[in-house]
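One structure is given here, and the rest of the page talks about it.
The values are calculated or read from the model by the stated rules, or taken from the named source; none is laboratory data. If you're wondering where the values come from, they're calculated on a predicted model, not measured in any experiment. Virtual Cβ from ideal backbone geometry, glycine too; neighbours counted across all protein chains shown. Protein only, heavy atoms only, side chains kept; ligands, DNA and RNA dropped before computing areas. Shrake-Rupley method; radii C 1.70, N 1.55, O 1.52, S 1.80 Å.
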Amino acid sequence: MAGADEELRTALSEMRLVKDEFEIADLRFACEATARGFEDVVRVLGSAAPTPERLIEGTFRTRARVEGNDVGYGSICAAGPHATTLHWVRNDGEARPGDLLLLDAGVETRNLYTADVTRTLPVDGRFTPLQREVYEAVFAAQEAGIAAVRPGAGYRDFHEAAQRVLAERIAAWGLFGRRSAAEAFELGLHRRWTLAGTGHMLGLDVHDCARARTKTYVDGTLEAGMVLTVEPGLYFQPDDLTVPAELRGTGVRIEDDVLVTADGNENLSAGLPRRADEVEDWMARLRG
Ligand SMILES: [Mn+2]
């Protein structure tokens, strides 16, 4: 019977790869409610400095409970160097002016579909030049990743597109020494600072369809109705002596929830700004 259970789990996972209209509408609402939760956090950041990560977590969760069922997964409220820990969920630090806040959080609707969105925000509302440079590298990678999401593309394509851009930026900063971006990419040297894959399927589970076979998911082809995250990042550990001191302790991720459409894609979480300038304007507006 164990074999039959496993077969059922795989079949259900694969049935969930392509979402129907109801599911897409629900994910759309999850993203909209999540955007409102991020706005709540920006207002709190503007009213209390330093801002406890606990307060940020609670603020988002309030929105999730009021508009949805709950958060879809433990919110990552990572200030300063905490952002370099991929799944920082202790949330017991403080966001101080001058730091970045990496907020990875999603509202789960009452039908139990969840968003999964990340924004990296300057706590005091303005990126420093160095923070902006790292941010714009991740933004460029995300743009390349999103552009590679379309029906018929390989599932791995968006990951590769995003990672190539990150490798180019890292090379431009001189972190690969004398190696070219292409050479470093082939060797996987960029992975020291990119740490994770670029995304995953999204739906009832935050890592949806996890039991699907490799050939239908990771080695598969994108189809209209699939919803996936595109979430490149750069993470420079506080004790990483291979990067300049000023980069250490900086972590940036930008994550959106992208629907594959008949002729390309739609960013379901586009209600939250992504460009550095737009993030700053949006924060200033919310803080009035
Ligand atoms: Mn994710």
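Are there any pairs, at least 6 apart or on different chains, whose C-beta atoms fall under 6 Å, with the first in the stretch 64-75 and acidic (Asp, Glu) and the second in a helix (DSSP H, G or I), and if so, which?
67/33; 70/64
Residue by residue through the stretch 216-233, note down the ones that are in a strand (DSSP E or B) and either within 16 Å of the ligand (Cβ to nearest atom) or farther than 21 Å from residue 164 by Cα (or both).
227, 228, 229, 230, 233
So which of 171, 182 ends up being outside any loop (DSSP other than H, G, I, E, B), of a type in the set (A, V, I, L, M, F, W, C), free of Cβ contacts under 8 Å to residues at least 60 places away in the same chain and loosely packed, with under 13 Cβ neighbours inside 10 Å?
182
Per-residue answers, yes or no, for (1) more than 15 Å from the ligand (Cβ to nearest atom); (2) more than 30 Å from residue 244 (Cβ to Cβ); (3) not small (Gly, Ala, Ser):
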site	(1), (2), (3)
88	no, no, yes
96	yes, no, yes
100	yes, no, yes
125	yes, no, no
142	no, no, yes
151	yes, yes, yes
156	yes, yes, yes
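Check 141, 105, 79, 83 and return the single one that is in contact with a Pro (Cβ under 6 Å, 6 or more places away or on another chain) and surrounded by 23 or more Cβ atoms within 10 Å (Cβ to Cβ).
The conditions single out 141.
How many residues are under 12 Å from residue 9 (Cβ atoms) and either under 19 Å from the mean Cα position of the chain (by Cα) or open to solvent by 50 Å² or more (accessible area, probe 1.4 Å) (or both) if we restrict to the stretch 206-225?
The qualifying residues number 4.
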